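No lab work stands behind these numbers, since they all come straight from the coordinates. Remember, predicted model here, so these are calculated numbers, not experimental data. Counting neighbours? That spans all protein chains shown, and the Cβs are built from the backbone with ideal geometry, glycine included.
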Amino acid sequence: MKLLRKNILFILPFFVLALASCESNFRDVQRINSVAFSPVGRSENINLKYTDSGKVKAILVSPLMLDYSNLEYGFNEFPRGVNVTLIDDQQKNSYIVSDYAITYADTDIIDLQGNVKITSNDGSVLATQQLYYDQKNEWFYTEKRFKFTDGKGGMLEGPGIDFNKDFTIMNTQRNTGQINNVE
């Protein structure tokens with residue numbers, strides 16, 4: 001019995017010391033189940049020109065682009081916003097600005113968010129908080145509230161709109177407004 005008590009007294013300080021030196025590994029266990037979500041590339045102060053048949057069709061300017069093309073569903077993120085100039089075949093410019101944007105490589109969809117504003121070459125302006133652009137079909141759409149002014153004193157606003165890149169075809173859901181100079 002004395003030997004057992006002596007062994008316990010001898011082992012007990014080491015056991016207490018071992019317990020005291022253990023730290024919680026809970027955060028490490030949580031990280032095991034999380035996905036590493038880091039960009040494969042980072043570009044600052046970009047000025048990207050898209051050309052087709054030797055003609056500049058679009059210019060994208062952004063202070064920061066993060067490249068996540070290493071993921072299964074790759075994308076590029078523009079956390080500080082974008083300024084885009086679209087140039088049509090007659091060399092007329094339209095402008096798009098937003099506070100934030102994501103481009104999805106597999107679907108060719110661009111998600112513009114925060115103070116999105118499109119100004120067309122004829123003075124028409126569309127403003128909304130989120131707008132998607134389908135690059136394949138050259139089609140814009142949103143379910144958010146929008147305000148459209150046509151540059152001739154006309155105005156249209158409401159929830160949800162979709163339209164082609166030239167503003168010549170527009171579909172709206174429920175809107176109110178005033179249209180002037182109808183031809």
Quiz item: What ranking do Ile59, Ile169 get, fewest neighbouring Cβ atoms within 10 angstrom at the top?
Solution: Ile169, Ile59
Quiz item: Considering every Cα-Cα pair within segment 44-178, what fraction, in whole percent, is farther apart than 21 Å?
Solution: 41
Exercise. For segment 80-176, state which GluC sites (Glu not before Pro) are in a DSSP loop and have at most 13 other beta carbons lying within 10 Å of their beta carbon.
Key: Glu138
Practice problem: Of the listed pairs Lys49/Lys165; Lys92/Lys152; Lys92/Lys147, which have alpha-carbon separations greater than 21 Å here? | Solution: Lys92/Lys147
Quiz item: In what sequence, highest mean first, do 97-106, 66-75 appear when ranked by Cβ atoms within 10 angstrom?
Solution: 97-106, 66-75
Quiz item: Do any trypsin sites (Lys or Arg not before Pro) in segment 52-147 lie in a loop, going by DSSP, with at most 14 other beta-carbon atoms within 10 Å of their beta carbon, and if so which?
Solution: Arg80, Lys92, Lys136
Quiz prompt | Cα centre as origin, Lys/Arg/Asp/Glu Cβ charges: segment 44-178 dipole, Debye | solution = 500
